[in-house]
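What follows draws every value from the coordinates through simple rules; no lab data is involved. Remember, predicted model here, so these are calculated numbers, not experimental data. All Cβ positions, glycine included, derive from the backbone under ideal geometry; neighbour counts span all protein chains shown.
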Amino acid sequence: MSFSLLPLLVLLSDVPVVPAHTGKDPAAFESSIKPLLTKSCYVCHNAQLKNADLNLQAFDTTEAVLADPDTWEKVVVKMKTRQMPPVGFPQPDEAEVRALTRWIEDEFQEAERRAPADPGRVTARRLNRAEYNNTLRDLLAVDLRPADDFPQDDSGYGFDNNGDVLSISPVLMEKYMRASEKVVRSALFGPGDLKPTMTKIQPPGPKIEPCTDVPAEYDLTGLTLHSALHAVHRFPVDGEYQVRVVLGGLRPAGSEPIDIAFAVDGAAPQILSLDPQDGASFYDDKQDFTGKYRDFKVRVTAGEHWLSAALPRYYEGLPARYGGKNPATRPVVKPEWKPRPNATPEQLEESKKRFAKRMEEAEKTPVNEGRIRHLEVVGPFDYPRGPSPKSLAAVFACGHAPGRHRDGCIAPTVGRFVRRAYRRPVQDAETAAVVALATRARAQGDSVEESVGLALQAVLVSPDFLFRIEKEPTAAAAAAGEPVTDHELASRLSYFLWASMPDAELLRLAAAGTLRKPEVLAAQVRRMLKDAKSQALVEGFGGQWLQFRGLESAAPDKERFPSFDNNLRLSMRRETELFFESVIREDRSLTDFIDGPYSFLNERLARHYGVPGVVGSEFRKVDLQGTRRSGVLTQGSVLTVSSYSTRTSPVLRGKWVLENFLAAPPPDPPAGTPRLDEAKIGADQSLRKQLEAHRSNQTCAACHSRMDPLGFGLENFDAIGAWRTEDGKYPVDAKGALPDGRAFDGPDEIKAILKGDRQEFAACVTEKLLTYALGRGLERYDRRTVRDIVDRVAARDYRFSALVLEIVSSMPFQMRRGERARS
Amino acid sequence: MNPITRKHLSRRTVLRGIGASVALPWLDAMRPAFASNRPPTVRLAFTYVPNGVTMADWTPKGTGKEFEFSRILKSLEPYRDDVMVLSGLAQHNGNALGDGPGDHARAGASFLTGVHCKKTAGADISNGISADQVAAQALAQETRLPSLELGCEESRTVGNCDSGYSCAYTNSISWRSATTPMPPEMNPRSAFERLFGADEGPMTPEARARRAARRLSVLDLVAERRQALEPTLGASDRRKLDEYFYGVREIERQIERAEKDQRDVTAPLEKPSGIPATFAEYVKLMFDLQVAAFQTDVTRISSLMIGREGSLQVYPEIGVPDSHHPLTHHRGTPELVEKVTKVNTFHAELFAHFVGRLKAVSEGDGTLLDNTMVVYGSALSDGDRHTHEDLPVLLVGRGGKAIKSGRHLVYPEKTPMTNLYLTLLDKMGVKEETIGDSTGRLQHLSDV
């Protein structure tokens, strides 16, 4: 029996009125099913007792059963997991359970098959933050990202592009007004006078255990050491910036000056030297880096860049007694004992003693405390003023130089902008209203650019821009739905794969009416996946499906995980991003997410994983055969976001797998569930033993017998994804078994099982990607679509592009149902 | 004031191009002048400098009216008639009193409170209410914001910052209650927005009206879309779009309300985009924000921490690349003492900018400075020895003619600084019995 479970949570909006037909084998209901129900279920679930408010006896006919899918789905689940009938009551045997559940499943499947196809409908949805930023970038060639200051978007069904939950408040409306003014000004007149500002970057540092031993071998670049600082910073415009690298910590007196290496995006670093003996210090018996700094000048492009500051050859230049390489040769100035004025002889004696002790301790000053504390980024200096030629070309079609536009330029310019911004053909009346706004401004004395700017602002706050509105099908077609227009299809495509507006080619094909042709669609999908803009799919879909967005707020406990630093956090995220990207670019099979034997590592991450032979901070593809890792489940990002800050949680990890790989999310725990006694964990029982309590209680076992084993299988990875064989004083026991009996020991065997159930996995990914593509939750009537897609994708080896193409060709993607008429 | 017949100008009229110029008269006339028959309101400001001061270069020679401005205070000489130097004040409760090290935390905590704070790095912090907050709570009804707290050095606010004392103590000088510090705002942009809303900055009435007209015409256009769109939408789509049109209408209402607003709360300075690139600009901007807040009467009480206690700020621009706190532990080394004096002088120069700005704003028949009382100082005098007496304190401004400025007063040793606060609160019309360790009012501020 396969590990196949219908999702426990199915949300229905409108329950379709099932026409009076029957399923596959309705006669069996009377002949074989009812007797089973009588024997095992009606005892409690009848009209009088109505246990759990459920009267199964009331379902008299097959039609009655088919009319209540929720209830009967629950029946299947309860029986399959042996929760029902409860212990102590006569239990049906295997064959009976199978017969009953199979009959129910088959009947519903048949009913679904026979039901009229329903493409569903997406509510008009506003552009979410990423979509808004990207659309402005593509429309005006201005990448100011004003939506980064907007309130966070709500999520529905796991994604923040869900039409039903995206709302607009007056606050947001105001922000749209200001953002449109700012962006249009920047496009037409340039970024304006940007006064240089200062931003302090101080990520929480790792905990350092002071140490006087010099390691025999260590990273000479300093980049992967605890003393380095890594951060990703968004620079507002191209230009020159000054980065002040500020240090902290102590070092033995007499050490040689150190070097500070600063690099952007892993390029060759700039190096400046610093002598902590220069300048004031708290101490005279050791070197003090507190507040000492060096300024670096860099020229960068606008956007995010990885900044790294490190102390190379960290353990060199120390006094000879520490035994490091290149010992210090500079003369050491020993501090003198200074007697305090007006001190008694006893006080003087005391003071001498304390001084001697201090000198003794200074000989043992730790050698690993110096580090980079924070960065101060100041800028921009020397940035390009004036509007970019790209922006002007995006707006004006007349070909005049800036400042040379004529009145005649207004109407065609505005008209073209409206068409592009509304992402569809526009009627003359619509354009006329906007043009009128511009001409009125012109009449009041504004320049042509200013007038055009006002019109552009209006377009950018109008509902046709902010919302993706699809036309309502006619009354006749309401129930069965209608194909969306070619332009609407182009928008669906581009917001799915690029989180942005359709480009010129898509719009051209839409206008020509050829976008829907299978070969054209396939070619477009291939083109769009290859385009750099598909990075939005990695960030938007990947970040929410695999939940690596959660890394930003992960806060592993410093005491227990002293090595966790920003470098590791950023590297984990980058690894998973690059992995997803490669699945798209190389069109790999979906099963690579389960056990693809490769990943993308830099030195920091490779050390963390114990993978040898990876040197340097650039990411490169690494073959993971023979290591204990493959696929996504054993990547640091997933392992960290599915843990608590102080320990692993097999429950969270099991839940992660169920939710994101198997589309079988467990429901919330019932109210009044007592918490796990955190203090006891690992004290007198291993975590595993304590979680056994989940299984002894039947109510808990229902869900936990599915969740916990999956998490146990991953217990060899600690809360930040490092391999371990012990958890505190208990050896890790990574064995588990699924409710259907299949056993495993360790992550590789779990992955083998998941891969064996690859259809389930593919169905899950399909559901998630379809949810993301449609911008609405999936309903019962979508199941058929999902099944068809999975079958076809399976036939194409589960290739990612196959999945995307199937989704894009599917009925719910290409069509739209009308609003139901209320009867 | 002439009664102006206000025609009801519909926006459509404006849109049809009769133009922004028509909007002008009613805005102008509605703006209040500071009528001279209103009593001037008194403002209270505090400026804190951390890690103490080189007292030998601070304390003026001579007392009374005939005193010589010291090296550190030289930049304030042009304002002699508005400046009082007060010597001999102390914060007794900044001393250890058996609690061991932690003078920086105790200094920060006691500066405006006169209280000996509880030694803890945890959540059970306990200090006392600060003088500025006593005033703010008493006068809360008078202004839109009760008080403004600003700072120029970002730091943690929890955990251990000084020998087992919580960072809350070094980070704030203002305390709403014994357990609630008022952490200062570091970002001038956020401070601006708190004071003046999300507005962009100073605009002539013409420019403001023009912008309002433009915004309204944009909103008008999109509101018109409703008629065309709605019939084509299904019910759930319509509901979504309803939210949108409600938002549009709300903004229109806001703009219309703002146009009718009697009070002129245009910001007198441009909205900052963030923390300025140089420290001097940063501090001056924070001073300018306080002036603007007082000028527009958004609040009457403010404080600025030029650095948090234990500040690590560096000053390469004046030839002091050393971090401030280690520098002040100079153990008497002359070169390092000299550097500390340079930093103190730099701070005083920045403060002089504040004084100058206050003096440049006319109010009634005098200036804003005449109606303000600013306390400048630290709760440490010798930063190397961590001394909490003979503190460096200035009192600048006349407090509405209540202070006889232009003198150097030397008080008996260990006079509580809180006595000064009691007296200042008096001048704000806030009568208190005691504050912290006060023993009475501070004499001679208003008389010779």
Residues of A:290-297, mean number of Cβ from any other protein chain within 10 Å of their own Cβ, rounded to a whole number?
3
Fluctuation leader among B:Gly364, B:Gly383, B:Gly397 - chain B, Gaussian network, Cα springs under 10 angstrom:
B:Gly364
Cα centroid separation, the stretch A:510-572 to the stretch A:704-745 (Å)
28 Å
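To one decimal place, what Kirkwood hydrodynamic radius in Å is obtained for the stretch B:224-301 from all pairs of distinct Cα atoms?
Numbers: mean 1/r = 0.0602 Å⁻¹.
It works out to 16.6 Å.
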Rounded to the angstrom and largest first, Cα extents along the principal axes for the stretch B:334-448 equal 48, 36, 23
Using θ = phi - 60° and the Karplus relation 6.51 cos²θ - 1.76 cosθ + 1.60, list the HN-Hα couplings for the stretch A:522-531 in order, rounded to whole Hz, with x at every Gly or Pro.
4, 5, 5, 4, 4, 4, 5, 5, 6, 5
Find the centroid of the Cα atoms in the stretch B:232-297 and in the stretch A:759-778, then give the distance between the two in whole Å.
42 Å
GNM on chain B, C-alpha springs below 10 Å: top fluctuator among B:Ala138, B:Ala277, B:Ala212?
B:Ala277
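Indicate, rounded to the nearest 5 percent, the antiparallel portion of the DSSP beta bridges found entirely in chain B.
On the way: 17 of 39 bridges.
So the antiparallel bridges in chain B amount to around 45 percent.
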Helical contribution to [θ] at 222 nm, DSSP H n ≥ 4, -39,500 (n - 2.57), averaged over chain A, rounded to 500
-11500 deg cm²/dmol
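Within 10 Å of each residue's Cβ, count the other Cβ atoms and sort B:Thr54, B:Thr372 from fewest upward. All intermediate terms of the calculation are to be shown ahead of the outcome.
Values: B:Thr54 26, B:Thr372 30.
Exposure proxy ranking, most exposed first: B:Thr54, B:Thr372.
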Step through the residues of the stretch A:593-607 one at a time and calculate ³J(HN,Hα) from phi using the Karplus curve (6.51 cos²θ - 1.76 cosθ + 1.60, θ = phi - 60°), rounding each to whole Hz and writing x for Gly and Pro.
5, 7, 8, x, x, 7, 6, 10, 10, 10, 4, 4, 5, 5, 5
Could you tell me the distance between the Cα centroids of the stretch A:449-492 and the stretch B:396-448, to the nearest Å?
68 Å
Under a 5 Å amide H to amide H cut-off, with H placed in plane at 1.01 Å, what residues pair with A:Met84 once short-range neighbours are removed?
A:Met79
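Fewest Cβ neighbours within 10 Å first, please rank A:Glu336, B:Glu432 accordingly.
Details: A:Glu336 7, B:Glu432 14.
By the 10 Å Cβ count, ascending, the order reads A:Glu336, B:Glu432.
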How large is the helix-only mean residue ellipticity at 222 nm for chain B, computed as the sum of -39500 (n - 2.57) over DSSP H runs with n ≥ 4, divided by its residue count, in deg cm²/dmol to the nearest 500?
-11000 deg cm²/dmol
What are the extents of the Cα atoms of the stretch A:163-202 along their three principal axes, in Å, largest first?
40, 36, 16
Amide H contacts under 5 Å for A:Tyr644, restricted to residues at least 5 apart in sequence or on another chain and with H modeled in the peptide plane, are A:Ser649
Please list the non-local residues whose amide H lies under 5 Å from the amide H of A:Phe396, H modeled 1.01 Å from N, same-chain partners needing a gap of 5 or more.
none
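Taking the radius of gyration and the Kirkwood hydrodynamic radius from Cα positions alone, what is the Rg/Rh ratio for the protein assembly as shown, to two decimal places?
Working: Rg = 36.0 Å, Rh = 35.7 Å.
Looking at the protein assembly as shown, the ratio lands at 1.01.
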In whole Hz and in residue order, list the ³J(HN,Hα) couplings for the stretch A:207-216 that follow from phi through the Karplus curve 6.51 cos²θ - 1.76 cosθ + 1.60, θ = phi - 60°; x for Gly and Pro.
8, 10, 7, x, 8, 9, 8, 9, x, 5
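Listing A:Arg776, A:Arg442 from the residue with the fewest other Cβ atoms within 10 Å to the one with the most, what is the order?
Values: A:Arg776 23, A:Arg442 17.
Result, fewest neighbours first: A:Arg442, A:Arg776.
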Based on the Kirkwood radius over alpha-carbon pairs, what is the Stokes-Einstein translational diffusion coefficient of the stretch A:695-803 at 4 °C with 1.567 mPa s viscosity, in µm²/s?
79 µm²/s
